1. Report the label-to-label distance for Glu18 and Arg46 in nanometres (one decimal), using points 7 Å from each Cα along the Cα→Cβ vector.
2. So if each residue of separation counts as 0.36 nm, and I subtract the Cα-Cα distance between Glu30 and Leu56, what length gain in nm does that give?
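Laboratory data are not the source of any read-out in this text; all were calculated from the coordinates shown. What you are looking at is a predicted structure, and each value in this text was computed from that prediction instead of being measured. Backbone-built Cβ (ideal geometry, glycine too); neighbour counts: all protein chains shown.
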Amino acid sequence: MARNNFLEQIQRARAAAEAPEPEATAKPTEQMTDDELEEAITASKRELLDLQHAELREREIARASGAGEATGPRASGLAEVLGTLQKRKRRSWR
């Protein structure tokens with residue numbers, strides 16, 4: 001059941017990301033109090049971090065999916081070359 005919950009969270013997050021952003025109703029910065037400015041700064045930093053995390057996740061997924069393709073015929077050739085190099089290697093304990 002936890003997996004379904006996780007999938008639901010992903011679907012909700014995607015739906016929220018694709019939803020149009022509401023128009024800004026905030027006051028100009030000149031009219032904001034110090035507390036409101038701090039809250040706006042914190043929200044902006046949080047949004048920036050979320051975007052950076054999303055970009056990193058996309059890069060990691062792309063890297064992981066590219067690494068899965070290395071199990072083809074080329075990978076076996078590489079394994080053979082590395083195996084022959086290992087066979088010729090002199091053991092240090094002899």
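1. 2.5 nm
2. Working: separation 26, 0.36 × 26 = 9.36 nm, distance 3.50 nm.
Roughly 5.9 nm would be gained on extension.
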